[in-house]
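Take a look at the structure below.
Coordinate-derived values only; no laboratory data. Please read these numbers as outputs of a predicted model, since none were measured by experiment. Methodologically, a virtual Cβ is constructed for each residue, glycine included, from the backbone with ideal geometry; neighbour enumeration extends over all protein chains shown.
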């Protein structure tokens, strides 16, 4: 799993060293607009605790932190009007999934039809 890097970009945002376009914050969660959006709505939701991945979060986070993250995602989706047309909620974990920041985070994507989750070439 590795060691948490306290200088990763999300840790720096949490400490106020870097700006973000904040959408939501409570004691356990921060949500903000992605600076490289992949859809008309692209929000990152991160726990405030030092967790590397979903595996790490699931193993070490408290029940309160886990519930706070999922409740925040649902509330943000409703507030942005994504609940009726639909949205994608995903987390990349590890190198094969292209996790770019070693701080657990989820992506909330919507605002248009997103298409299939993955595409495959024949024979793969």
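State which residue is farthest from residue 31 (Cα to Cα) when the search covers only the stretch 88-100 and only residues that are touching a strand residue (DSSP E or B) at 6+ places or on another chain (Cβ under 9 Å) and in a loop (DSSP other than H, G, I, E, B).
Taking the candidates together, the pick is 92.
Can you find a residue in the stretch 112-119 that is over 21 Å from residue 2 (Cα atoms) and surrounded by 13 or more Cβ atoms within 10 Å (Cβ to Cβ)?
yes
Of 107, 103, which residue is in a loop (DSSP other than H, G, I, E, B) and either touching a residue at least 60 places away in the same chain (Cβ under 8 Å) or at positive phi (or both)?
When all the criteria are applied, what remains is 103.
Here is a check on your reading of the model: is residue 52 in contact with a strand residue (DSSP E or B) (Cβ under 8 Å, 6 or more places away or on another chain) and in contact (Cβ under 8 Å) with a residue 40 or more places away in the chain?
no
For the stretch 1-87, please list each of the strands (runs of 3 or more DSSP E) lying entirely inside it that holds at least 2 residues being surrounded by fewer than 18 Cβ atoms within 10 Å (Cβ to Cβ).
Of the strands (runs of 3 or more DSSP E) lying wholly inside the stretch 1-87, those with at least 2 residues that are surrounded by fewer than 18 Cβ atoms within 10 Å (Cβ to Cβ) span 22-25.
Listed here are the residues, each with its yes/no results for (1) in contact with a helix residue (DSSP H, G or I) (Cβ under 6 Å, 6 or more places away or on another chain); (2) under 21 Å from residue 114 (Cβ atoms); (3) in contact (Cβ under 8 Å) with a residue 40 or more places away in the chain.
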position	(1), (2), (3)
10	no, no, yes
14	no, no, no
17	no, no, no
41	no, yes, yes
56	no, no, yes
68	no, no, yes
75	no, yes, yes
78	no, yes, no
81	no, yes, no
